[in-house]
Amino acid sequence: MISGAALLVRRLPFIELGGFDEKIFMYCEDDDLAVRMKKAGWTLGYVHDAVVEHIGGSSSNLTPDLEGFKSYHFMRSTLYVMAKHGVKFNRTKRLYTCYLKWAIAACLRATPRMLKYRGYIRALRES
């Protein structure tokens, strides 16, 4: 996949493909667009030497609520895009892996990791 962190797309293929999938709230929209472009016969490229400067930007402070929110939506989007494109995904295995990683984080009292895996677990259980 090509990261959408700094994404340039020709207008014609973007419009022909319907733009970004509005069912994707956060995360993976760049992955979905890249797969759809490849399936439609468009060429993807990567410019290694490109430099993008984000002036005046900043990231949100990572609060416990935000960590859970981000993890939940990352997993939801991942599940949706994989299903949309027919990618096999062993949900049960991933769920048990997340439970195990949550338990390890709990033993280590690693709260951010616990919240991350709790978000993943919630999305996996709801889907």
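The values are calculated or read from the model by the stated rules, or taken from the named source; none is laboratory data. Worth saying up front: this structure is predicted, and the values here are computed from it rather than measured. Cβ: placed from backbone, ideal geometry, glycine included. Neighbour counts: every protein chain shown.
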If we keep only residues of the range 70-81 that are hydrophobic (A, V, I, L, M, F, W, C) and out of contact with any Ser or Thr (no Cβ under 9 Å at 6 or more places or on another chain), then the residue farthest from Glu22 (Cα to Cα) is Phe74
Conditions: (1) exposed (fewer than 10 other Cβ atoms within 10 Å of the Cβ); (2) within 18 Å of the chain's Cα centre (by Cα). Asn61 meets all but one. Number of the miss? (2)
The range 29-77, residues that are touching a Leu at 6+ places or on another chain (Cβ under 8 Å), modelled with pLDDT of 95 or more and polar (S, T, N, Q): Ser71
If Met26 meets every condition in (1) in contact with a helix residue (DSSP H, G or I) (Cβ under 7 Å, 6 or more places away or on another chain); (2) at pLDDT 95 or above; (3) among the aliphatic types (A, V, I, L, M); (4) closer than 20 Å to Ser127 by Cβ apart from one, which number is that one? (2)
Selection from the range 111-127 of residues farther than 13 Å from Gly68 by Cβ and loosely packed, with under 15 Cβ neighbours inside 10 Å yields Arg125, Glu126, Ser127
On the given criteria, is Leu95 out of contact with any strand residue (DSSP E or B) (no Cβ under 8 Å at 6 or more places or on another chain) and either within 25 Å of Ser127 (Cα to Cα) or without any contact (Cβ under 8 Å) to a residue 24 or more places away in the chain (or both)? yes
Mind checking whether some residue in the range 83-92 is without any contact (Cβ under 8 Å) to a residue 40 or more places away in the chain, surrounded by 11 or more Cβ atoms within 10 Å (Cβ to Cβ), farther than 22 Å from Glu22 by Cα and not aromatic (Phe, Trp, Tyr)? yes
Which pairs do you get when a residue that is within 13 Å of Ser3 (Cβ to Cβ), found in the range 38-55, comes within reach of a residue that is of a type in the set (Gly, Ala, Ser), reach meaning Cβ atoms under 8 angstrom, with the pair 6+ apart or on two chains? Leu44/Ala34; Ala50/Ala6; Val52/Ala5; Val52/Ala6
May I ask you to list the residues in the range 60-113 that are β-branched (Val, Ile, Thr) and closer than 24 Å to Phe25 by Cβ? Thr63, Thr78, Val81, Val87, Thr97
